[in-house]
Amino acid sequence: MPELPEVETLVRRLREPVIGRTIEDVTIYWKRTVARPAPKEFARMLRGYTVQAIDRRAKYLVFTLLGVEALAGYSNRGATPANQPPTLFLLIHLKMSGKLRVVDHTEPLAKHDRVVFELDDGRQLRFNDVRKFGKMWLVADPEMVTGSIGPEPLDRTFTLPKFRELVRSRSGAIKPLLLNQEFLAGVGNIYADESLWLARIHPLRKTDSLTEAEVAALYRSIRKVLRTAIEDEGTDAGDGVIEGDYQPRVYGRTARPCYRCHQPIQRMVVAQRGTHFCPQCQPRRGRSRRH
Ligand SMILES: [Zn+2]
């Protein structure tokens, strides 16, 4: 599943071809991709809106849409300018296998294309989704979808004291906590394993067993791993979403030697997710029990 670096990479790639384009029509081939409003209303409302910005919040792509032309009476395919808000937000979550690409309208539809946005330059933004878990929302306020999500780990306001406070307010094992989107935005299975390996923390360590130094190391590791992965344009998870250059240091490396100590990497299941760690660098009992 694409995580923060992959979604960020996709957002950056879509900006150039899509910002400034007006959506002329929307065709929905798989109705359940549209979470809200009803699919017909979704398609009708989008017509005539211009993409002003594309951003990311957690693992969501957030398109800011301006209805200036709709309000000015622009009507390409029977769009009704009346009663349309000046700004709308299109949120897309790729889930397991969602892909977005911009192609010429003459290109034949692909097998799993679920939603097609016709742009005013003859190109189309196509959402392809083999597994069909991807979702879209068209809302007046993005918080209606993302309101319960935790802080952005790369945000300037996300400081070590804030992270420490968050960790200290929770109990239980650290890896499931990192996967919890209400705790922290955008970290999934790959980057949770990578961050814990870099910080030398076992995935099942309890939050209340972590020393101040370990919490600080984890904070720095999460940010370093995510920044590096964004620079590398994400990782190639084999799902065809993003074929980035980030090479995991521990994730998916079961039985191969640890890059730090050469012990074989082990795999176990934590919170129903395959979890990779080095038994030597990431001891279950912590490196220091001196308090
Ligand atoms: Zn190791």
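The values are calculated or read from the model by the stated rules, or taken from the named source; none is laboratory data. Quantities reported herein were computed from a predicted structural model and do not represent experimental measurements. When we count neighbours, we look across all protein chains shown, and the Cβ atoms used for this are built from the backbone with ideal geometry, even at glycine.
Details
Here is a yes/no grid of residues against (1) more than 18 Å from the chain's Cα centre (by Cα); (2) assigned by TED's automatic domain parsing to the domain that holds Gly244:
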| residue | (1), (2) |
| --- | --- |
| Lys111 | yes, no |
| Pro151 | no, no |
| Leu196 | yes, yes |
| His202 | yes, yes |
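- Selection count where residues are within 24 Å of the chain's Cα centre (by Cα), within 16 Å of the ligand (Cβ to nearest atom) and β-branched (Val, Ile, Thr), scope region 265-280: 1
- Selection within region 226-268 - over 19 Å from Pro2 (Cβ atoms) and not in a loop (DSSP other than H, G, I, E, B): Pro257, Pro264, Gln266, Arg267, Met268
- Within region 232-264, the set of residues being closer than 30 Å to Val11 by Cα, touching a strand residue (DSSP E or B) at 6+ places or on another chain (Cβ under 7 Å) and within 16 Å of the ligand (Cβ to nearest atom) comprises Pro248, Val250, Tyr251, Gly252, Arg253.
Quick grid of which residues meet (1) of a type outside the set (Gly, Ala, Ser); (2) farther than 28 Å from Leu94 by Cβ:
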position	(1), (2)
Val215	yes, yes
Tyr219	yes, no
Val225	yes, no
Gly238	no, no
Glu243	yes, no
Cys258	yes, yes
Met268	yes, no
Cys281	yes, yes
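- Test result for Asp141, in contact (Cβ under 8 Å) with a residue 24 or more places away in the chain, in a loop (DSSP other than H, G, I, E, B) and under 14 Å from Val51 (Cβ atoms): no
- Residues within region 1-49 that are more than 18 Å from Asn128 (Cβ to Cβ), of a type in the set (Val, Ile, Thr) and surrounded by fewer than 19 Cβ atoms within 10 Å (Cβ to Cβ), tallied: 1
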